[in-house]
Amino acid sequence: MILVVKSGGEAAVAEWRAGFAAHAPQLDVRWWDEPGLDPARVEYAVVWDPEPGRLAGFPKLKAIFGSGAGVDHIASDPHLPPGVPVIRCVPWEAAQRMGEFVCWAVLSLAKEARRMAQLQAARRWENVDPPFAAAARTVGIMGLGAMGEHTARMLLGLGIPVRGWSRGRKSIPGVESFAGAAELDAFLAGTDVLVCLLPATPETQGIIATPLLAKLPRGAGLVQVGRGSQQVLPDILAALDSGQLSGAVLDVFAPEPLPAENPAWSHPGVIVTPHTASLPTRAERARYIADVIAMLERGEAPPHAYDPARGY
């Protein structure tokens, strides 16, 4: 079976090949643009940013794997092969890494890590006295899928109160659940640190903007680990300047990479990270994809398949 890869560039193929060799040695792993590759023999594809129409050029394709948890950039291809499942890459390690990142971000906001980094860069010894403990502020998670639920449990383990908002009601011990548009305002009103873990859908486009931010308590924090398309960056910076937000950790942007001239880089209230919140190693992702391919070959339904009706 031939599996083509377009994720991380051609230089990453050797690492992908080694990862698959450990768990699915029967797979012949090839680079997306390898000379002499016969498209008619390709059965699986692992991609991040495929050119529109290219996937349709593999007539025997059985499944398309996104190399990350989000697949909106794949599903938006107008020439996507009909009937071929698009599968999100959500190994256990991704949820663990996301939980670790969000816990770090929430603690960084509570402990004023951005300010301390600035003082260190200036070689200034100055007392930093955070006005509150992390456990004194309620974290609200928008999006309680696999990553959101795992993150909520990790935050609870730190003694931090957690509430969650999602499309449908969720039952997670210790987490107050809010559901649907009718309960969004109540969720926001009691959220001191907002964590966005929503998928990219038409409904979430531009959701992190002034109208939503204004419904948070004054001085709230923001951790954005969803998708860059969900945030209106000028609105976030304006909320920081006005004091509506006290700090933000932003891991996703539109476009990416974040342009060097963007004011978020130097804003005193922003910690910028380069879309790394939950990215597992290629070896971890290869193991997950190999397991799902084995399920598909046995005729079983794959987990985390993209659902056009839900948009994720």
List the helices (runs of 4 or more DSSP H) that sit entirely inside segment 177-287 and contain at least 3 residues that are touching a strand residue (DSSP E or B) at 6+ places or on another chain (Cβ under 8 Å). 184-189, 233-242
The correct count of residues that are without any contact (Cβ under 8 Å) to a residue 40 or more places away in the chain and farther than 12 Å from Val193 by Cα in segment 118-143 is 15
If a residue must be in contact with a Lys or Arg (Cβ under 8 Å, 6 or more places away or on another chain) and assigned to a loop (DSSP other than H, G, I, E, B), how many such residues does segment 106-160 contain? 5
Would you please name the residue that is nearest to Ser246 (Cα to Cα), looking only at residues in segment 267-288 that are among the hydrophobic types (A, V, I, L, M, F, W, C) and surrounded by fewer than 18 Cβ atoms within 10 Å (Cβ to Cβ)? Val272
Looking only at residues in segment 248-278 that are in contact (Cβ under 8 Å) with a residue 60 or more places away in the chain and touching a Lys or Arg at 6+ places or on another chain (Cβ under 8 Å), which one is farthest from Lys111 (Cα to Cα)? Ser278
Scan (1) under 21 Å from Val223 (Cα atoms); (2) at pLDDT below 95 for the single condition His304 breaks and write down its number. (1)
Can you pull out every residue in segment 1-16 that is of a type outside the set (A, V, I, L, M, F, W, C) and on the phi < 0 side of the Ramachandran plot? Lys6, Ser7, Glu10, Glu15
Count of segment 1-31 residues which are part of a loop (DSSP other than H, G, I, E, B) and more than 21 Å from Arg41 (Cα to Cα): 2
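Have a look at Ala152, Ala186, Ala181 and point out the one that is free of Cβ contacts under 8 Å to residues at least 24 places away in the same chain and under 22 Å from Gly70 (Cβ atoms).
Only one candidate passes the filter, namely Ala152.
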Looking at the structure I just gave you, is Met98 under 30 Å from Leu155 (Cβ atoms), in contact with a helix residue (DSSP H, G or I) (Cβ under 9 Å, 6 or more places away or on another chain) and either modelled with pLDDT of 95 or more or surrounded by fewer than 17 Cβ atoms within 10 Å (Cβ to Cβ) (or both)? yes
In segment 101-129, residue surrounded by the most Cβ atoms within 10 Å (Cβ to Cβ) [restricted to those that are in contact with a helix residue (DSSP H, G or I) (Cβ under 6 Å, 6 or more places away or on another chain) and not aliphatic (A, V, I, L, M)]: Cys103
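Residue-wise test of (1) buried (at least 18 other Cβ atoms within 10 Å of the Cβ); (2) polar (S, T, N, Q); (3) assigned by TED's automatic domain parsing to the domain that holds Val139.
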| residue | (1), (2), (3) |
| --- | --- |
| Ser177 | no, yes, yes |
| Leu188 | yes, no, yes |
| Val195 | yes, no, yes |
| Thr201 | no, yes, yes |
| Ile208 | yes, no, yes |
| Gly219 | no, no, yes |
| Ala238 | no, no, yes |
| Val252 | yes, no, yes |
| Glu256 | no, no, yes |
So, of the residues in segment 63-75 that are touching a Phe, Trp or Tyr at 6+ places or on another chain (Cβ under 6 Å) and part of a loop (DSSP other than H, G, I, E, B), which turns out to be modelled with the lowest pLDDT? Val71
Just checking, which of Asp307, Asp291 is of a type outside the set (Ser, Thr, Tyr), loosely packed, with under 13 Cβ neighbours inside 10 Å and either out of contact with any Cys (no Cβ under 9 Å at 6 or more places or on another chain) or closer than 18 Å to Phe101 by Cα (or both)? Asp307
Being on the phi > 0 side of the Ramachandran plot and over 27 Å from the mean Cα position of the chain (by Cα) is the filter here, so list the residues in segment 17-64 that pass it. Gly36
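The values are calculated or read from the model by the stated rules, or taken from the named source; none is laboratory data. Worth saying up front: this structure is predicted, and the values here are computed from it rather than measured. Please note: Cβ atoms are built from the backbone with ideal geometry, for glycine as well, and neighbour counts cover all protein chains shown.
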